[in-house]
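The values are calculated or read from the model by the stated rules, or taken from the named source; none is laboratory data. All figures in this text were calculated on a predicted structure; none of them were measured in a lab. Heads up, the Cβs are rebuilt from the backbone with ideal geometry, glycines too, and the neighbour counts pull from every protein chain shown. To get the accessible areas, we keep the full protein, side chains included, count just its heavy atoms, and leave off ligands, DNA and RNA. Shrake-Rupley method; radii C 1.70, N 1.55, O 1.52, S 1.80 Å.
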Amino acid sequence: ALTTATLVLLSASAFAAGAVTVHVDSVTYTEPDSTLIYPMVTSQNREKAAQVNTAIRKDARIFIERVWMDRLAGGSIKADLSYETKLNKADIVSFVLTEVTSPERAAHPTTNVKGYIFSLTEGRALTFKDFDKIAANLQQPDAYSLASVNQAITKHLAAKGITPLPGFQGLTKRPTEIYMDAKLHLHILLQPTEVAPYACGVIDVDLDED
C-alpha cells in the first residue's frame, strides 16, 4: 500500500502551508417520492471549496433531472440520494454517493454509486492519472495499472466467494468510480451487474489491500 506517502504527495502544498481544515455538512433536498442528501464542504480556501461543491451539485442535479424526465414520460419512480464520507484528512476529502431509484412494478430498486476523491488545494476530483504519477514517484509504476486492477478484482471475488458473470475476462479500462478510505487505501467501485450478478450488489475492491 502506498498509504501515508500517497497523502503527503497529494497534499504537498497543504502540508507546506500548515494545517488544513475541511468541514463537511449535508444538503437535503426533498420533493414527493424523492430525497436527496449530498455533501457540502467548507475550508480556508473558499474558491476551491466552491469548485468542489459545484462538481457535487452537478452530479446531484443530473440524477434528479433523470428522475424528472422519467416522470414526464409517464413513469412512477421513487428516488433517493445519500452519501458517506470515507476520508477527511489534510486537504483531501473522499465521498461515496449512492443513487437508488425504484420504478413502479420493478422487481427491485436500481442502485448506482459514485466515488470521489477531492483535493481542496486544487479544487478538483482526483483520478487514476494522479495516482499513477504518485506510484511512479514511489517506484511502483504499475501499482494501479489495468492489469493490477483486474488482478485485485479477481482476488476480491474469490475471497468473497462471488462467481463473476459468464464470460467475464476482466475490465477493458479502469473504473471511473474511486475513493480513499481512512487507511488511505484506494478503492474502486463496480456497479451491480458490472462484473457479478445483481444480487451481489456493488463490488467494492481495495486496491491497496495486502
List pairs: first residue in segment 143-158 and touching a residue at least 24 places away in the same chain (Cβ under 8 Å), second residue small (Gly, Ala, Ser) anywhere in the structure, Cβ distance under 7 angstrom, at least six positions apart or on different chains. ALA143/ALA135; TYR144/ALA135; LEU157/ALA196
Return the residues of segment 163-181 that are open to solvent by less than 30 Å² (accessible area, probe 1.4 Å) and out of contact with any Lys or Arg (no Cβ under 9 Å at 6 or more places or on another chain); say none if nothing qualifies. GLY170, LEU171, PRO175, ILE178
List the number of the failed condition for HIS185; all other conditions in (1) open to solvent by less than 50 Å² (accessible area, probe 1.4 Å); (2) modelled with pLDDT of 95 or more hold. (2)
Filtered residues of segment 76-90 (kept if more than 30 Å from HIS23 (Cβ to Cβ) and either surrounded by 14 or more Cβ atoms within 10 Å (Cβ to Cβ) or modelled with pLDDT of 85 or more (or both)): ILE77, LYS78
Can you tell me which residue in segment 36-64 is surrounded by the most Cβ atoms within 10 Å (Cβ to Cβ), limited to those that are out of contact with any helix residue (DSSP H, G or I) (no Cβ under 8 Å at 6 or more places or on another chain) and among the β-branched types (Val, Ile, Thr)? VAL52
Extreme residue, nearest to SER43 (Cα to Cα), among residues of segment 114-142 that are open to solvent by 30 Å² or more (accessible area, probe 1.4 Å), in contact (Cβ under 8 Å) with a residue 24 or more places away in the chain and not in a helix (DSSP H, G or I): THR121
Considering only residues of segment 91-109 that are open to solvent by 70 Å² or more (accessible area, probe 1.4 Å) and of a type outside the set (D, E, K, R), which is nearest to ALA125 (Cα to Cα)? HIS108
Can you find even one residue in segment 2-9 that is at pLDDT 85 or above and out of contact with any Ser or Thr (no Cβ under 6 Å at 6 or more places or on another chain)? no
Here are ILE153, ILE203, ILE162: which of them is more than 29 Å from LYS89 (Cα to Cα), in contact with a Pro (Cβ under 9 Å, 6 or more places away or on another chain) and β-branched (Val, Ile, Thr)? ILE162
